Amino acid sequence: MTSLNKKRPVQEFRGVGNIKVAVWRREFEGRFFYTYGPERGYKDKDGKWQSTSSFSPQEWDIVHRLLESASKYVADAQAKDTAVQAEADQAAE
């Protein structure tokens, strides 16, 4: 799979120091659900970009704020998905 074909997150929240929280939308049996999690990018000793989900205590506040933003985004997206599904179900009756 090339980078052009890779699925992208539906939303990303970025903080300082290459910290981000990516939100992913998945479909299973005709329903959508969301996952999200934090990661921090860094360059390894060879200069290649890597990522980690480990954070220093100084970064916890940043991660917390980004997770709160992602949580609100997911709650809003789920409410929208529920409304769209309810409309579709009603139209099918």
Net length gained if the chain between ARG31 and ALA92 were fully extended (0.36 nm per residue, minus Cα distance): 20.4 nm
Options [x] 1.05; [y] 1.47; [z] 1.38 - which one matches Cα Rg over 2.2 N^0.38 Å as calculated here: [z]
Once both axes come from the Cα atoms, what is the angle between helix 60-92 and the longest principal axis of the chain, in degrees from 0 to 90, rounded to 10? 20
Counting other C-beta atoms within 10 Å, and keeping those with at most 16, which DSSP coil trypsin sites (Lys or Arg not before Pro) do you find in region 45-80? LYS45, LYS48
Which value, in Å², gives the accessible area per residue of the chain when a 1.4 Å probe is used on the protein heavy atoms? 79
Given a 1.4 angstrom probe, I'd like the percentage of the accessible area of the chain that is carbon and sulfur, rounded to a whole number. 50
Provide the gained length on full extension for the span ASP44 to ASP81, in nm with one decimal, where the gain is 0.36 nm per separating residue minus the Cα-Cα distance. 9.3 nm
For region 1-90, which GluC sites (Glu not before Pro) pass both filters: DSSP loop (anything but H, G, I, E, B) and at most 14 other C-beta atoms within 10 Å? GLU29
Among LYS43/LYS80; LYS48/LYS72; LYS7/LYS80; LYS48/LYS80, the pairs whose Cα-Cα distance exceeds 30 Å are LYS43/LYS80; LYS48/LYS72; LYS48/LYS80
Between ALA79, ALA70, ALA22, find the one with the highest GNM mean-square fluctuation for the chain; connect C-alpha pairs within less than 10 Å. ALA79
Probe 1.4 Å, all chains present, heavy atoms only: VAL16 accessible area in Å², nearest 10, is 100
Can you show me the helix-derived [θ] at 222 nm for the chain, built from DSSP H runs with n ≥ 4 at -39,500 (n - 2.57) apiece and divided by the number of residues, rounded to the nearest 500. -13000 deg cm²/dmol
Under 8 Å for C-alpha pairs, at least 6 residues apart: give me the relative contact order for the chain, rounded to a whole percent. 23
Quick check: pseudo-label points 7 Å beyond the Cα along Cα→Cβ at SER54 and VAL16, how many nm apart are they? 2.3
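The values are calculated or read from the model by the stated rules, or taken from the named source; none is laboratory data. Keep in mind that what you see is a predicted model, and the values were worked out from it rather than measured. Using ideal geometry, Cβ is built from the backbone for each residue, glycine included, and neighbour counts are taken over all protein chains shown. Calculation scope for accessible area: heavy atoms of the full protein, side chains included, ligands and nucleic acids excluded. Shrake-Rupley method; radii C 1.70, N 1.55, O 1.52, S 1.80 Å.
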